[in-house]
Amino acid sequence: MTPVYKLSNAGGFTSKQKYTSMLAGNTAFSPSAFESIATVSVGGGGSSSVTFSSIPATYTHLQIRSLAQTNRSSIGRDIVNININNDTGSNYARHYLAGDGASAVAGGSASLTKGELLEVGTTAGASFGAFVVDILDYANTNKYKTVRSLGGVDVNGTVGGYGGTINLYSTLWQNTSVITSIKLAPLNGTQFNQYSHFALYGIKGAA
């Protein structure tokens, strides 16, 4: 007898998609809004930066997901910088909000030569930090580009006077060009350590 599965429609799938995904011998249904563009896993020698280049202009938004550590040796966390299309001019601005469980801080800066994503782990803290970055309307030539990121790092106490933190950053790139290249690099360390992982996804618009 063919098994019957009762599924909720929380994901908005059609009956055909739901049942096709559950029947043996068929490819499981996967939502198609996200597509993998490129991934980078840092090897044993470390890497001074990670660059995604030749990014196709066929999506509505981009997203970067990362688990990373830098070789900073004095403090348990480090900041990741972003440069877009190799632009090192004073065309970036940023705002941030961060908390460590005891207090919160906020601030902002303009006329920067690079943007800031947020904080990750370090060699000193023996930890990795995770973050998700959304790059909105990256192919729209009628507007400046907004980059927002959410993430955090836990150092199991304090290292160099600083403990773990969770962060929300927003960077503005004051340029209307299509984004074709994204470079990520540590602010204080000189490299991303082995096992750091970065994945770039394209996000499609509504069908």
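The values are calculated or read from the model by the stated rules, or taken from the named source; none is laboratory data. What you are looking at is a predicted structure, and each value in this text was computed from that prediction instead of being measured. Here Cβ is always computed from backbone atoms with ideal geometry, including for glycine, and neighbour counts include all displayed protein chains.
Of the residues screened, GLY164 is one that is surrounded by 18 or more Cβ atoms within 10 Å (Cβ to Cβ) and among the small types (Gly, Ala, Ser). All told, ILE75 falls short of being at pLDDT 50 or above and within 30 Å of LEU136 (Cα to Cα).
Restricting attention to region 59-91, the residues being in a loop (DSSP other than H, G, I, E, B), touching an Asp or Glu at 6+ places or on another chain (Cβ under 9 Å) and either among the charged types (D, E, K, R) or loosely packed, with under 15 Cβ neighbours inside 10 Å (or both) number 1. When ALA130, ALA124 are screened for being in a loop (DSSP other than H, G, I, E, B), touching a strand residue (DSSP E or B) at 6+ places or on another chain (Cβ under 7 Å) and surrounded by 15 or more Cβ atoms within 10 Å (Cβ to Cβ), only ALA124 passes. The set of residues in region 19-57 that are in a loop (DSSP other than H, G, I, E, B), among the polar types (S, T, N, Q) and at pLDDT 95 or above comprises SER48, SER49, SER53, SER54.
Across region 96-120, the number of residues qualifying as surrounded by 12 or more Cβ atoms within 10 Å (Cβ to Cβ), part of a loop (DSSP other than H, G, I, E, B) and either of a type in the set (Lys, Arg) or at pLDDT below 95 (or both) comes to 2. Out of SER73, SER111, SER103, one residue alone is on the phi > 0 side of the Ramachandran plot, more than 20 Å from the chain's Cα centre (by Cα) and not charged (D, E, K, R). It is SER111. Against the list (1) part of a loop (DSSP other than H, G, I, E, B); (2) surrounded by fewer than 14 Cβ atoms within 10 Å (Cβ to Cβ); (3) among the small types (Gly, Ala, Ser); (4) touching a strand residue (DSSP E or B) at 6+ places or on another chain (Cβ under 7 Å), the condition GLY189 fails is (2).
When we screen TYR138, TYR169 for residues that are touching a His at 6+ places or on another chain (Cβ under 8 Å), within 19 Å of SER36 (Cα to Cα), touching a residue at least 24 places away in the same chain (Cβ under 8 Å) and among the hydroxyl-bearing types (Ser, Thr, Tyr), the only hit is TYR138.
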